[in-house]
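Here is the structure we will look at, set down as structure tokens.
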Amino acid sequence: MKLSTSLHRKFTLFSKSLLFCICAYSFQSVKAQKTTIPVETKNTALVLQADKDNNLSIIYFGKKLNNSSEYGFVQSMYHQNTDYTGVAASPYTPAGSRNLFEPAIEVTHADGNNSLDLKFVNTNTEKISDDVALTSVVLKDPAYDFRVTLFYKTYFRENVIEQWSEIKNNEKGNVVLHKFASADLYLQGKTFYLKQYHGDWAQEMQPEEEQITHGIKTLDSKLGTRESLFQPPVFMVSINQPSNEDNGEVLLASVEWSGNYRTDLELDNKDNLRIISGINNYASDYPLQPNKTFTTAKFLYTLSNNGTGEASRQLQSWARNYRILDGNGGRLTLLNNWESTYFDFDEAKLKQLFSDTKKLGVDLFLLDDGWFGNKYPRNSDNAGLGDWQENKKKIPNGIASLVKDATAADVKFGIWIEPEMVNPKSELYEKHPDWVIKQPKRPEYYFRNQLELDLSNPKVQDFVFGVVDSLFIKSPNIAYIKWDCNSVIYNAYSAHEDNQSKLYVDYVEGLYNVLKRIRAKYPKVPMMLCSGGGDRVDYAALQYFTEYWPSDNTDPLERVFIQWEYSYFYPAIASANHVTDWGKQPLKYRVDVAMMGKLGFDIPVSKLDAKDLSFCQSAVKTYDSIKNVVWHGNQYRLQSPWKNDVASIMYVDSTASSAVVFNYLVNNRYNSGSKLPIVLRGLDATKKYRVREINLYPGTHSAIKQNEVYSGNFLMTVGLNPHADAYRTSVILKVEEAR
Ligand code: GLA
């Protein structure tokens, strides 16, 4: 035993030094034959290199170097264990040839062979704008006419990269894709920490962080839709230390796909971290016909050397500039009727709600679930989905007339739909059972008493598009849509598909086809992305939506934590936060928590007493005065709710002249409160700022000295105490440059 161990050690040492010599030699002597491909943003570089045999590897991923010619030296500084495969650092690891790790791509060729090798062919970088560039890298199997093109879209100022692949079959017959990831990253570091999320209904974005050990950790969804219900696709990897707001190297990432996704994080024999992410290949062998191309989902990431704060500001500004619909525009404040009426309303009640909307001072009334279905009226969640005709008893004069009434009350009108779904108790189900996803030989199994329509079928896509289109044709002044999706896919089977393993992928593509058609015809109308709460929040879906519903859990104490965690990945402008009657917190606390995103209400306004009503009315006006900073400013998470009595989050405008600081007590034990000053961020140290508390409840006075002037230097060194405690459970501070 001893002998063999020492022999093994000697052999390893020998092979290591041999390998080092080979590497060093090849770097010196065949330098000219190597192709180096730097994929760069302002601060980050992902550098690929093809060796003399056209094997492509990631040779560097990290903070951009000043001198790009030095990327070639990087690997000579690592004396790690042997790469027995030669493809461990591949940017798109193929299965079935030399690879010994989790692959990015796995195929069966037209002749039944399972092996794949991918050699570098050529590369091209195209400048799309001042900020955006697209690098493509073509790879080909030397033994088969099978190509993969890797795409890297860089957003220079935002330090964001989107990565995806196009897989092209030039063989004579079908190639079956068993795995078709978007990306394959390779990270080097001493230790890696994964922060991931899990959840369930009303428990979105529950974080867990742990050091990554050897082997594979998989984050995934097999739910078909509602991909974030149990495990949202967003995650972060911190290098050499657990995640920290202000320092350390951290990668924030997510696959952009509104269905089954899969991310594998594999710590290999060299202690390097491989991250392979894309559409989940679960039950999804995909046949690719000759001359056809399969485009994978995109994988999105940003890297920062200054902690999660900077990383999420990068991602948030990318989302506002490039992804979320109208990300730099405005949003509508609203009154929703879900929690105050549920399914029980009629025209008279709704008219009352229109005038309540006006009384409150918000922009729009949002009519929620329950307005449709006649043979099977939608009076509870067990009937009517699919039958998108106005219920004659509740709204005999139709939506068009409601829109007119709302307009007469001087408010806009929005409406809830869930067009991908069907209740078995519906006329749609009776007419088109073949449009429903269900196993022909098995009993139906329901999620919230409903089933999915088969969006892989173009006729179903037309139907779903038609639900939205006919609403607008009949009532062109509808100003807002809440698009819900309350069911997962059970019993995945399509009467339309010739090959069942295409269903999960084709469903999502079908959904995007519909959303694309809606946006082509109605490019601007604001739409909220809802999925029984926040179970479809992802950056592929968000390109069609202006905002998302984070959770049905609107208990404000819970929301502080939920909104805090979403904020690592998504900007405040997209977070629809409604004030409801959930939770035990005072109205002021509920309103203050909703204000750190896009404010809405879902309370019975007519039941508010005079003081509460007047507080809400002035809160809407106060919100108008700070919303631009919240929606478009830079966000700083100052104090975490997980570790402090008081959570604190701040938004600063782009000129550092105006800011808002939200503070929430999250601990109700004796004497808890903000004992120490909270250090502000993002201001200009050389400027002077006037600080005052806003959104006070009628009859109360601020415990802080109003309108005191401090230097930015003081506020960012010593800080400010919001005086949050059991008597002042939430405090909003406005910080304005004193000129
Ligand atoms: C889902 C949504 C809620 C509400 C109901 C209506 O649960 O998340 O906000 O719209 O559906 O049925």
- Message: Only one of L315, L367 is in contact (Cβ under 8 Å) with a residue 40 or more places away in the chain, open to solvent by less than 10 Å² (accessible area, probe 1.4 Å) and in the same structural domain as F465 (by TED's automatic domain parsing). Can you tell me which?
- Response: L367
- Query: What is the number of the single condition among (1) modelled with pLDDT under 95; (2) buried (at least 17 other Cβ atoms within 10 Å of the Cβ) that Y697 does not meet?
  - Reply: (1)
- Item | Residue that is nearest to G330 (Cα to Cα) [pool: residues in the stretch 579-598 that are outside any loop (DSSP other than H, G, I, E, B) and open to solvent by less than 10 Å² (accessible area, probe 1.4 Å)] | K598
- Item | Residue check, K392 of a type in the set (K, R) and surrounded by 15 or more Cβ atoms within 10 Å (Cβ to Cβ) | no
- Item | Pairs, first at negative phi in the stretch 335-356, second within 12 Å of the ligand (Cβ to nearest atom) and assigned to a helix (DSSP H, G or I), C-beta under 7 Å, six or more apart | K349/T341
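For the condition in a loop (DSSP other than H, G, I, E, B) and either farther than 23 Å from C530 by Cα or away from the ligand (no atom under 16 Å from the Cβ) (or both), what is the one hit in P440, P419?
P440
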- Query: Among the residues of the stretch 605-622, is any in contact (Cβ under 8 Å) with a residue 24 or more places away in the chain and not in a helix (DSSP H, G or I)?
  - Reply: no
- Task: May I ask you to verify whether K474 is away from the ligand (no atom under 15 Å from the Cβ), within 20 Å of I518 (Cα to Cα) and open to solvent by 10 Å² or more (accessible area, probe 1.4 Å)?
- Result: yes
- T125 being polar (S, T, N, Q), assigned to a strand (DSSP E or B) and buried (at least 17 other Cβ atoms within 10 Å of the Cβ): no
- So D264, is it in a strand (DSSP E or B), surrounded by fewer than 23 Cβ atoms within 10 Å (Cβ to Cβ) and at pLDDT 95 or above: yes
- Task: Could you please tell me which pairs satisfy a Cβ distance under 7 Å, a separation of 6+ or placement on different chains, a first residue in the stretch 480-503 that is under 14 Å from V422 (Cα atoms) and free of Cβ contacts under 8 Å to residues at least 24 places away in the same chain, and a second residue that is among the small types (G, A, S) and more than 16 Å from the ligand (Cβ to nearest atom)?
- Result: none
- Test: residue in the stretch 572-595 that is among the acidic types (D, E) and away from the ligand (no atom under 16 Å from the Cβ): yes
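Could you check how many residues of the stretch 708-732 are open to solvent by 10 Å² or more (accessible area, probe 1.4 Å) and touching a His at 6+ places or on another chain (Cβ under 7 Å)?
Qualifying residue count for the region: 0.
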- Query: In the stretch 175-186, is there at least one residue being part of a loop (DSSP other than H, G, I, E, B) and in the same structural domain as L48 (by TED's automatic domain parsing)?
  - Reply: no
- Message: Based on this model, can you work out whether I417 counts as hydrophobic (A, V, I, L, M, F, W, C) and in contact (Cβ under 8 Å) with a residue 60 or more places away in the chain?
- Response: yes
- Note on the structure: Taking the stretch 486-525 and the residues there that are buried (at least 22 other Cβ atoms within 10 Å of the Cβ) and within 16 Å of the ligand (Cβ to nearest atom), the one that is nearest to W435 (Cα to Cα) would be S487
- Item | the stretch 646-670 residues that are more than 22 Å from Y589 (Cα to Cα), paired with ones that are outside any loop (DSSP other than H, G, I, E, B) (beta carbon under 6 Å, 6 or more apart) | D653/V629; S657/E737; S658/V629; S658/E736
- Task: Being within 24 Å of D363 (Cα to Cα) and out of contact with any Gly (no Cβ under 6 Å at 6 or more places or on another chain) is the filter here, so list the residues in the stretch 560-575 that pass it.
- Result: Q563, Y570, P571, I573, A574
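Within the stretch 526-549, restricting attention to residues that are open to solvent by 10 Å² or more (accessible area, probe 1.4 Å) and of a type outside the set (A, V, I, L, M, F, W, C), which residue is nearest to the ligand (Cβ to nearest atom)?
P526
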- Note on the structure: Listed by range, strands (runs of 3 or more DSSP E) wholly within the stretch 39-109 having at least 2 residues that are open to solvent by less than 20 Å² (accessible area, probe 1.4 Å) and of a type in the set (G, A, S) are 44-50
- By residue number, the members of the stretch 161-174 that are in a strand (DSSP E or B) and either open to solvent by 10 Å² or more (accessible area, probe 1.4 Å) or over 15 Å from P290 (Cβ atoms) (or both) are I161, E162, Q163, W164, S165, E166, K168
- Task: Sort out which residues of the stretch 550-571 are within 13 Å of the ligand (Cβ to nearest atom), open to solvent by 10 Å² or more (accessible area, probe 1.4 Å) and under 18 Å from E256 (Cα atoms), and write them in order of number.
- Result: none
- When you look at K425, is it modelled with pLDDT of 95 or more, away from the ligand (no atom under 16 Å from the Cβ) and assigned by TED's automatic domain parsing to the domain that holds L367, yes or no? no
- Failed item, numbered, when Q75 is tested on (1) more than 22 Å from I161 (Cβ to Cβ); (2) more than 29 Å from the chain's Cα centre (by Cα); (3) not hydroxyl-bearing (S, T, Y): (1)
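Quick one: which residue in A703, A685 is under 18 Å from M650 (Cα atoms), in contact (Cβ under 8 Å) with a residue 24 or more places away in the chain, among the hydrophobic types (A, V, I, L, M, F, W, C) and in a loop (DSSP other than H, G, I, E, B)?
So the residue among A703, A685 that is under 18 Å from M650 (Cα atoms), in contact (Cβ under 8 Å) with a residue 24 or more places away in the chain, among the hydrophobic types (A, V, I, L, M, F, W, C) and in a loop (DSSP other than H, G, I, E, B) is A685.
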- Message: Among the residues that make up the stretch 231-245, is at least one of them assigned to a loop (DSSP other than H, G, I, E, B), open to solvent by 10 Å² or more (accessible area, probe 1.4 Å), charged (D, E, K, R) and under 28 Å from G86 (Cα atoms)?
- Response: no
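The values are calculated or read from the model by the stated rules, or taken from the named source; none is laboratory data. Model, not experiment: these values are computed from the prediction. All Cβ positions, even for glycine, are placed from backbone atoms using ideal geometry, and neighbour counts span all protein chains on display. Quick note on the areas: whole protein, heavy atoms, side chains included, nothing else; ligands and nucleic acids left out. Shrake-Rupley method; radii C 1.70, N 1.55, O 1.52, S 1.80 Å.
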